[in-house]
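The values are calculated or read from the model by the stated rules, or taken from the named source; none is laboratory data. Note that the structure is predicted; figures quoted are calculated from it, not measured. Here the Cβ positions follow ideal geometry from the backbone for every residue, glycine too, while neighbour counts run over all protein chains shown.
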Amino acid sequence: MPLMDEETKQEVKKILDSLESEVKIVFFKENINCPSCPAAEEFLKEVAGLSSKIKLEIYNKYIDEEKNAQYAPAQLPAIFIETPHSGKRVIFYGIPAGYEFVSFIEALKASSSGKPELEQETIEKIKTIDKKANIKVFVTPTCPYCPAAVVLAHRLAIANPNIVSEMIETGEFPQLAAKYQVEGVPKIVINDKVHLVGAQQESAFVAAVMDSLSV
């Protein structure tokens, strides 16, 4: 069953066909303990079918051991948006549905161009990061404020190869949400040290990333 109506498909197709370069989507699933994997796979196949600019690769975490070792997905379903600009650092855990479809499309665009839309001051600060940083953004599909946090986190990951950004769909990973005490979304966790709740200004977000490296 198609997940997008015809009008939406045509709008998405225009966006994808206008990407500056090809984008590879790498999807990891399993067949037993991942109830949302089939829907995620159907969603990605539908998106990839709209444009030759999108290349979809599908792997089973427990069968395709070599690929699993290369990408090391922490949760399933896992979606990696990969280009020479983004590497394996732009990640979606769970289906980017609802409002998160916006952050998914933005991830494709920014990864394709390698020119994330960031303030010049942000770019200069992010360039100085020489330690590994991990940004987790917990979201729900019905949260209108969540995409902005995910988009910004992914843009930072594209801007610096030391940063990895993960969207985590809270409803699909309740144990993870409990571990990180997610009571409201967006919940942003940086290096498992700095916790932010709610939409953040770009300057505050970057300051939190820098703070997490000095804690």
Restricting attention to the range 188-201, does a residue exist that is closer than 19 Å to A72 by Cβ, in contact with a Lys or Arg (Cβ under 7 Å, 6 or more places away or on another chain) and charged (D, E, K, R)? no
Does T128 satisfy being surrounded by 19 or more Cβ atoms within 10 Å (Cβ to Cβ) and of a type outside the set (G, A, S)? no
Those residues of the range 62-103 which are acidic (D, E) and out of contact with any helix residue (DSSP H, G or I) (no Cβ under 7 Å at 6 or more places or on another chain) amount to D64, E65, E66, E82
Just give me the residues in the range 133-163 being closer than 18 Å to S113 by Cα and in contact with a Lys or Arg (Cβ under 9 Å, 6 or more places away or on another chain), in sequence order. A153, H154, A157, I158, A159, N160, P161, I163
When restricted to S203, S214, the only residue among the hydroxyl-bearing types (S, T, Y) and at pLDDT 95 or above is S203
Quick test for you: out of E166, E117, E172, pick the one residue that is of a type in the set (D, E, K, R) and either farther than 22 Å from E41 by Cα or in contact with a helix residue (DSSP H, G or I) (Cβ under 7 Å, 6 or more places away or on another chain) (or both). E117
Mind checking whether some residue in the range 112-120 is surrounded by 18 or more Cβ atoms within 10 Å (Cβ to Cβ), more than 23 Å from Q75 (Cα to Cα) and of a type in the set (G, A, S)? yes
Go through the range 107-158 and give me each residue that's hydroxyl-bearing (S, T, Y) and farther than 25 Å from G171 by Cβ. S111, S112, S113, T122, T128
